[in-house]
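Let me begin by presenting the structure, written as C-alpha cells, before commenting on it.
Please treat every number below as a calculation from the coordinates, not as lab data. Because the structure is predicted, anything quoted here is derived from the model rather than measured. Here the Cβ is made from the backbone with ideal geometry for all residues, glycine too, and neighbour counts use every protein chain on show.
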Amino acid sequence: MREWFVVLTELAIVVIDLMALVVVAYGATEAFARAVPLVFSTPDEIRRRDVWLRFMRLLVAGLTFQLAADIIETSITTTWEALGRIAAIAVVRTFLNFFLERDLAEARDKVPGAANGK
C-alpha cells in the first residue's frame, strides 16, 4: 500500500512541476514577445507595465505550483537531510512569491484598469 502511495505522490510531484514549468515558460515567452516591440518603439508607461504585470502574475502562479509540489514531496520524504533541502527550497520560493506578490500589488495600483484583471 505504501509503495502505491509513494508512486502516486512522485507522479503528482512530476505533473505539478511540469505544470509550473509550462506556466513559467509560457509567461517568459509571452513577456519576451510582447517586450521586444516595445524596445524598438517609444512605449508609454502603461503598456510597459502591462507586460510586466502579466509576467509577474504568471511567475507567481508558477512558483505557487512549485511550492505545492514541494509540500506534497514532504509527505514521502524519509530523511532529515532531504526534508531540510525541501524546506530550504520552499522558504526561498515562499520569499520569492511574497516579494513578487508585493511588487505586483504595487504595480497594479499604478496602472489604471489593472485591478479589473486586464
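Brief remarks follow.
- Selection of first residues in region 70-86 that are free of Cβ contacts under 8 Å to residues at least 60 places away in the same chain and of second residues that are part of a loop (DSSP other than H, G, I, E, B), restricted to Cβ pairs under 7 Å at least 6 apart or on distinct chains, gives the following pairs, ordered by first then second residue: Leu83/Thr77; Ile86/Thr77.
- From the options Ala87, Ala105, Ala28, residue that is under 24 Å from Val6 (Cα atoms) and either touching a helix residue (DSSP H, G or I) at 6+ places or on another chain (Cβ under 6 Å) or not hydroxyl-bearing (Ser, Thr, Tyr) (or both): Ala87
- Number of residues in region 58-104 that are surrounded by 16 or more Cβ atoms within 10 Å (Cβ to Cβ) and of a type in the set (Lys, Arg): the value is 1.
- Whichever residue in region 6-56 is among the basic types (Lys, Arg) and in contact with a Leu (Cβ under 8 Å, 6 or more places away or on another chain) and, among such residues, is nearest to Thr77 (Cα to Cα): Arg48
- Contacts under 9 angstrom Cβ, first residue in region 38-64 being without any contact (Cβ under 8 Å) to a residue 24 or more places away in the chain, partner surrounded by 14 or more Cβ atoms within 10 Å (Cβ to Cβ) and outside any helix (DSSP H, G or I), 6 or more apart: Glu45/Val111; Val51/Pro43
- Flag for Arg34 being surrounded by 11 or more Cβ atoms within 10 Å (Cβ to Cβ), of a type in the set (Lys, Arg), part of a helix (DSSP H, G or I) and touching a residue at least 12 places away in the same chain (Cβ under 8 Å): yes
- Scanning region 37-50 for residues that are surrounded by 11 or more Cβ atoms within 10 Å (Cβ to Cβ) and either among the basic types (Lys, Arg) or farther than 30 Å from Ala68 by Cα (or both) yields a total of 7.
- For region 11-31, the set of residues classified as buried (at least 16 other Cβ atoms within 10 Å of the Cβ) and free of Cβ contacts under 8 Å to residues at least 12 places away in the same chain is empty.
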